[in-house]
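The values are calculated or read from the model by the stated rules, or taken from the named source; none is laboratory data. The shown structure was predicted, so the numbers you read here are calculated from the model rather than taken from an experiment. Quick note on the areas: whole protein, heavy atoms, side chains included, nothing else; ligands and nucleic acids left out. Shrake-Rupley method; radii C 1.70, N 1.55, O 1.52, S 1.80 Å.
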Amino acid sequence: MDKRTVGARIFKCVVYTVCIVLAVISLYPFFVMFLNATRSTSEIWQNPLPLLPSTHMFDNFRIIRDIGTFDALLGFRNSFIVAGGTTILATYVSSLTAFALTAYHWKLRQPFFTFIMAVMMVPAQILTIGYFTMVWQLDLVNNFLPLIMPAMAAPTVVFFMRQYLLATFQIDIVNSARIDGSGEFRIFNQIILPIMKPAIATQAIFVFVGSWNALFLPRVLLTDRDMFTMPLMVSLLQGNIYDTEFGVVYLGLALSILPIFLVYFFLARYIIAGIQLGAVKG
């Protein structure tokens, strides 16, 4: 065995070792969260980083039921409405915008794309006061629309969709459809969208997860408990440092992220496929 082969194997072992260590570091907080969901507050105080589950999960469920402020079904429903609406709106409008930036040649196309990229650098928090004032004046507080409608302006999704189209889009397909008499929206809906399925699936996962986990804007715009999303429901479980049932909090957190795990489990292959296809320019 020559030195080059030995070096390649050593390098591969190092790479695999680093990947395994990073995977363990990334997954360990979730592991601790699920284990602590089965433990009591006193056990968590004694050992906050366990290696084995305990026997208090049903007690934590009972405490959640007795509290009465945490309604998992209501939180799931509200979160699915907001996250689902946000995902559909963001992926469709962003795909349409990316198509306009790729298929059409118009005078302000590049400045428009530059403006979209500039919006990515603006923190959303600095716009919150003005946005809340507008929502208040429109009498849309405690409404899901102010949480869903901003998804129409998703510069990160537009950028990804545009890069994907640059790698896969062929203008001849659109020209052929135009010759056959198809309108622009029909071309987009029946030809372009199927081409963009991997990219749409990839961004749909990221947008859904981001919207599901959102806490800041829902906390500002939603005050009615019947409108609370799952993260807001979990926040109701937190009292002060003396009377908080930490096992219950961990259980609420575990319930809130369970749909995210399911989404990743069933759609993870689209993330890899979409990123690979969008990264290779043909």
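Worth pointing out:
- Candidates T156, T244, T102: whichever shows maximal mean-square fluctuation once the chain is modelled as a Gaussian network with Cα springs under 10 Å: T244
- With Cα atoms, 0 to 90° folded angle of helix 57-67 axis to the chain main axis: 90
- Considered as an equivalent ellipsoid built on the Cα gyration tensor, the stretch 56-107 has semi-axes of 46, 9, 6 Å, the largest given first.
- Taking all protein chains into account, the per residue accessible area for the chain stands at 61 Å² (1.4 Å probe).
- For the options A118, A268, A153, a Gaussian network treatment of the chain with springs between C-alpha atoms closer than 10 Å singles out A118 as fluctuating the most.
- Helix axis angle, 72-103 relative to the chain longest principal axis, alpha carbon, degrees: 20
- Legend: P(r) of the stretch 1-133 from all alpha carbon pair distances, 10 Å bins from 0, whole percents, reading 9, 15, 19, 22, 21, 12, 2, 0.
- Within the accessible area of the stretch 2-65 (1.4 Å probe), percent carbon and sulfur: 74
- Counting every C-alpha pair in the chain, the share spaced more than 33 angstrom apart comes to 41%.
- For the chain, built as a Gaussian network whose Cα springs stay under 10 Å, the top-fluctuating residue of A201, A90, A124: A124
- Helix 3-36 and the long axis of the chain differ in direction by around 50°, with both axes built from C-alpha atoms.
- Gain on full stretching of the segment that runs from F80 to M134 - 0.36 nm per residue minus C-alpha separation: 17.0 nm
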